[in-house]
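Scroll down for the structure; my scribbles are underneath it.
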Number of protein chains: 2
Amino acid sequence: MSTALLTDRYELTMLEAVLRTGLAERRAVFEVFTRRLPVGRRFGVVAGQGRLACLVPQVRYDDEALAALDFLGQQARTWLRGRPLGVEVTAYPEGETFVPGSPVLTVSGCFGEGLLLETLVLSVLNHDSAVASAAARMVLAAGGRPLLEMGGRRTHEQAAVAAARAAYVAGFALTSNLEAGRRHGVPTAGTSAHAFTLAHRSEVEAFGSQVATLGTGTTLLVDTYDTEQGIRNAVAVAGTGLGAVRLDSGDPQVEVPRARALLDALGATGTRIVVTGDLDEHSIAALAGSPVDTYGVGTSVVTGSGSPTAGFVYKLVAVAQEDGPDAPLVPVAKRSAGKTTVGGRKWAYRGDGRDVVRLRPGGPGRPLQQPLPSTDDVHAARARCADALAALPPEARRLDPGPPAWTVEIEDL
Amino acid sequence: MSTALLTDRYELTMLEAVLRTGLAERRAVFEVFTRRLPVGRRFGVVAGQGRLACLVPQVRYDDEALAALDFLGQQARTWLRGRPLGVEVTAYPEGETFVPGSPVLTVSGCFGEGLLLETLVLSVLNHDSAVASAAARMVLAAGGRPLLEMGGRRTHEQAAVAAARAAYVAGFALTSNLEAGRRHGVPTAGTSAHAFTLAHRSEVEAFGSQVATLGTGTTLLVDTYDTEQGIRNAVAVAGTGLGAVRLDSGDPQVEVPRARALLDALGATGTRIVVTGDLDEHSIAALAGSPVDTYGVGTSVVTGSGSPTAGFVYKLVAVAQEDGPDAPLVPVAKRSAGKTTVGGRKWAYRGDGRDVVRLRPGGPGRPLQQPLPSTDDVHAARARCADALAALPPEARRLDPGPPAWTVEIEDL
């Protein structure tokens, strides 16, 4: 399916104008970066590159797409028709950390094609990175306990799939979203809902039905009527080998220790406790001393925990003033109030506890940019994010509001 | 394309359990409502029904979907295979206003099928209504001036399309999103970007190129270098018949009157002013006395202006305790702390400045529920929303934080 129309109209009308003057074919470089993090955030996690690996090659102007572009003249239609994009895209690897000014993605090629990618690239990176950045804080707060993403019903049905994927990249263990399992290979899991218990004549009958079908390893939702009686019913039905109970209401600071004590008293010492219900990184952190086994997180992770977009912008940083594939690139930058950008293509490196960007490649540090992969490897991205989170400076791990934990320095080689 | 996997795993495992006991085939009713509005909001606008009209019939368990459900046993697979859902869905018409407790959508049919719709229904209504509810406040704040939705790059690439549609339903005039134009018939528009100006040797050259291609009726972005000079250049290039200028930086309270005065002094008295740059309902309202002609809104509208999800839940409210199509429905409600629901199917009516729900149909007032339409008519939804906004009580139009402007009363007939 073509992704060509997942863009803003002005990209096409600008293209039309620059095709007339020849500027469309000039060499140009666009960079994606953020001017600031969400208020109080100390770092971000960039995600979505694997999805872009699939979506960018689908930017094809086929007959159906062109039919919707009836405002374009013949020159633009001819230029677009069936055109495979020739731009080179480099990016931070998916799952890597970033701060303001990090050039997380670079598009290099002809100016006209650069225009065509702006909106799609930003949509994917802004959404997926917002989720991954929030999820990473939850992963840090959970201190090694597994997290289940279950927020699909709180966001657009396709954003839900991407959110499950981004949360997994950031270190969540599981998702409830079946399409994320099918499309991206994210492991899926689930418990049961209050409706299930309510539909039965009694809680005991509901638990019996669930255990008969799914086995004693299942997770029983115990708070539909009375949590204490629910736990007693759960162990009575499933036995002390019951997999887990889920608590979805009340104050988990009170309910979790109480549930643990009761399960232990009933002999269900191996039965795990899954906590759900409007959790975010702060409530997860507050439960660090509580005997929680798994956190189920919904709304807050899929909506970026208060910051549903990552703030990335896509800016022209260099353009040739002459035609031809070898014409020299000239740095450009706008001077709008409060929106100054640094001109010129930037190469980014990390090392010695700092990031630097240079206006030419080379020099000390680990290069942060690499070609956009041709396939979506979510498991590799997840492993990379785990490494990146492990390498964070201590102040970056703090959940209280603060400045970015490091800055990007512009270094003149 | 099947939408069957845009759901949570537990819906399928619960289905499997209730298929074993026969409960899957029992009559049941589920209702969608919200327990509260986002903090300070006085009403909401429900949207997404037209999308559900298309997505719900695509909940089909074909071979590809079933292949992904390898955790299900044979009975469930057989029951699901190719099954057309027989549930009856009623809903508030798209674009109607709501408050906490409004039963905006009702699913009536067999319990097993009701489970299958929960996640998809909530994803669509929660996303689209969050956008429409925020957009409606912007429409009220704009006081009749047109609004352009241009936030696609700040949200998931498919959510962007639905957001453009929801904003249009709520009264936005235009979107920049081309796929929203193609898929939903939302009128599209665009201006140009800073990159376009920067790529040219001068602003005058850029404006000349744009006007040569798009005509003098186009909108020129005048703040790339210096806004005053930009306006002078724009009128010098396009003449006094220039369509519009766009201001995207600085304080619009200062910049807009200054731009208007300069345009008028240059003789461009008919040239409109488009203002963009992190606008929300509050900054739009603050510009009521300023000579703005069009507001361009991005991030805030597509992210629900601080409330990216509408808070709808999908709850079982009645279920038969016996088999058969005529078995009586028995009201059910859970008693979890803070999450009490009212049992029984509810019929909603509006009239005399209040909403009532009744546990049987009939009585005074305009019925708010109707069958889910079979097609997506975004223009009808937009007209309906305009009527609903015109009928709002005065206190509902206030942008400052406050309680819901009306309540839903449960009336015993």
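Just so it is clear, none of the values below were taken in a lab; they were calculated from the coordinates. Every value quoted in this text rests on a predicted model; they were computed, and no experiment measured them. Heads up, the Cβs are rebuilt from the backbone with ideal geometry, glycines too, and the neighbour counts pull from every protein chain shown.
Work out how much length residue A:370 to residue A:392 would gain on full extension: take 0.36 nm times their residue separation and subtract the Cα-Cα distance, in nm to one decimal. Write down the numbers at each step before the final one.
Values: separation 22, 0.36 × 22 = 7.92 nm, distance 2.08 nm.
Full-extension gain reported as 5.8 nm.
To the nearest 10 degrees, how steep is helix B:203-214 against the longest Cα principal axis of chain B, on a 0 to 90 scale?
60 degrees
Give the relative contact order (percent, whole number) for segment B:139-192; include only Cα pairs under 8 Å separated by 6+ residues.
33 percent
Using only atoms on other chains, find how many Cβ atoms lie within 10 Å of each Cβ of peptide A:145-156 and report the average.
6
If r is the Cβ-Cβ distance from residue B:288 to residue A:226 and R0 is 56 Å, what FRET efficiency results, to the nearest 0.05?
Here the calculated transfer efficiency is 0.55.
Could you put A:18, A:89 in order, starting from the residue whose Cβ has the fewest other Cβ atoms within 10 Å?
Result, fewest neighbours first: A:89, A:18.
Taking only Cα atoms, what is the 0 to 90° angle, nearest 10, from helix A:9-21's long axis to the longest principal axis of chain A?
Approximately 20 degrees, to the nearest 10.
With the contact rule set at Cα under 8 Å and sequence spacing of 6 or more, what percent relative contact order holds for chain A?
With pairs under 8 Å counted, the relative contact order is 24 percent.
Could you list A:54, B:110 in order of exposure, starting from the residue whose Cβ has the fewest other Cβ atoms within 10 Å? Walk me through the numbers before you get to the answer.
Working: A:54 15, B:110 19.
Least to most surrounded, the residues fall as A:54, B:110.
Find every distance from the label point of residue B:360 to the corresponding label point in the other copies (7 Å from Cα along Cα→Cβ) and write them in nm, one decimal, shortest first.
8.7
Give me the angle, in degrees from 0 to 90, between the Cα long axis of helix A:111-142 and the longest principal axis of the Cα atoms of chain A, rounded to the nearest 10.
Helix A:111-142 and the main axis of chain A meet at about 30 degrees.
What are the nm distances, shortest first, from residue B:395 to its equivalents in the other copies, labels at 7 Å along Cα→Cβ?
Once sorted, the set of distances for residue B:395 reads 4.8 nm.
How are the alpha carbon pair distances in chain B distributed across 20 Å bins from zero to the largest one, expressed in percent?
Going out from 0 Å in 20 Å bins, chain B shows 25, 47, 22, 6, 0 percent.
Sorted from fewest to most neighbouring beta carbons within 10 Å, what does the list A:61, A:295 look like?
The order, fewest Cβ neighbours first, is A:61, A:295.
Per Stokes-Einstein, at 20 °C and 1.002 mPa s, what whole-number D in µm² s⁻¹ belongs to segment B:263-407, with the Kirkwood radius over Cα pairs as the hydrodynamic radius?
105 µm²/s
Any idea what the relative contact order of segment A:143-306 is, in percent, if you count C-alpha pairs under 8 Å spaced at least 6 apart?
24 percent
In vacuum, with every alpha carbon of segment B:7-144 counted as one equal point scatterer, what does the Debye formula give for log10 I(q)/I(0) at q = 0.09, 0.16 Å⁻¹? Two decimals, please.
The calculated log intensity ratios at q = 0.09, 0.16 Å⁻¹ are -0.33, -0.85.
Length gain on complete extension for the stretch residue A:330 to residue A:240, per 0.36 nm per residue less the alpha carbon to alpha carbon distance? Present the calculation step by step, with values, prior to reporting the outcome.
On the way: separation 90, 0.36 × 90 = 32.40 nm, distance 7.10 nm.
Stretched out fully, the residue A:330 to residue A:240 stretch lengthens by 25.3 nm.
What does the charge add up to near residue B:376, with Lys and Arg as +1, Asp and Glu as -1, over the other residues with Cβ less than 11 Å from its Cβ? Let's see the in-between values first.
Values: positive: B:51, B:165, B:183; negative: B:94, B:377.
Summing Lys and Arg as +1 and Asp and Glu as -1 gives +1.
Would you mind telling me the antiparallel percentage of the DSSP bridges in chain A, rounded to 5?
Approximately 60 percent, going by the DSSP bridge assignments.
Given labels modelled 7 Å from the Cα in the Cβ direction, how far is it in nm from residue A:400 to residue A:36?
About 2.1 nm, to one decimal.
In the neighborhood of residue B:6, defined by Cβ-to-Cβ distances under 13 Å, what is the net charge if each Lys or Arg adds +1 and each Asp or Glu adds -1?
Numbers: positive: A:153, A:182, A:183, B:9, B:51, B:60; negative: A:157, A:179, B:8, B:11, B:118.
Around residue B:6, the surrounding residues sum to +1.
What order, most packed first, do the peptides A:300-308, A:214-222, B:369-377 have when packing is the mean number of other Cβ atoms within 10 Å of each residue?
Averaged packing, sorted descending, gives the order A:300-308, A:214-222, B:369-377.
In a shell of Cβ-Cβ distance under 12 Å around residue B:302, excluding residue B:302 itself, what net charge do Lys and Arg (+1) and Asp and Glu (-1) give?
Residues near residue B:302 contribute -1 overall.
Label residue B:201 and residue A:20 with points 7 Å out from Cα along Cα→Cβ: what is the distance between them in nm?
Label at residue B:201, label at residue A:20, 1.8 nm between them.
How big is the convex hull of the Cα atoms of segment B:118-171, per residue, in Å³?
Values: hull volume 3.6 nm³, N = 54.
So the per-residue hull volume is 66 Å³.
Let me know the shape class of segment A:1-55, please: from the alpha-carbon gyration tensor, a ≥ b ≥ c as square roots of the eigenvalues, rounded when a/c is under 1.5, otherwise prolate if a/b is greater than b/c, or oblate. Intermediate values should be presented prior to the final figure.
Numbers: a/c = 2.52, a/b = 1.74, b/c = 1.45.
The shape class here is prolate.
Average partner chain C-beta neighbours within 10 Å, per residue of A:17-25?
Per-residue shielding by partner chains comes out at 5.
How much space per residue, in cubic angstrom, does the convex hull of the C-alpha atoms of segment A:143-306 take up?
111 Å³
In square nanometres, what is the average projected area of the Cα convex hull of the protein assembly as shown?
Details: hull surface 133.4 nm².
Computing the convex hull of the Cα atoms and averaging its projections yields 33.4 nm².
When Cβ neighbours within 10 Å are restricted to other protein chains, what is their mean count per residue of peptide B:304-312?
Partner Cβ neighbours, averaged per residue: 4.
Take every DSSP beta bridge whose two residues both sit in the protein assembly as shown, then give the antiparallel share in percent to the nearest 5. Could the numbers behind the result be given before it?
Numbers: 64 of 104 bridges.
Counting only bridges with both partners in the protein assembly as shown, antiparallel ones make up about 60 percent.
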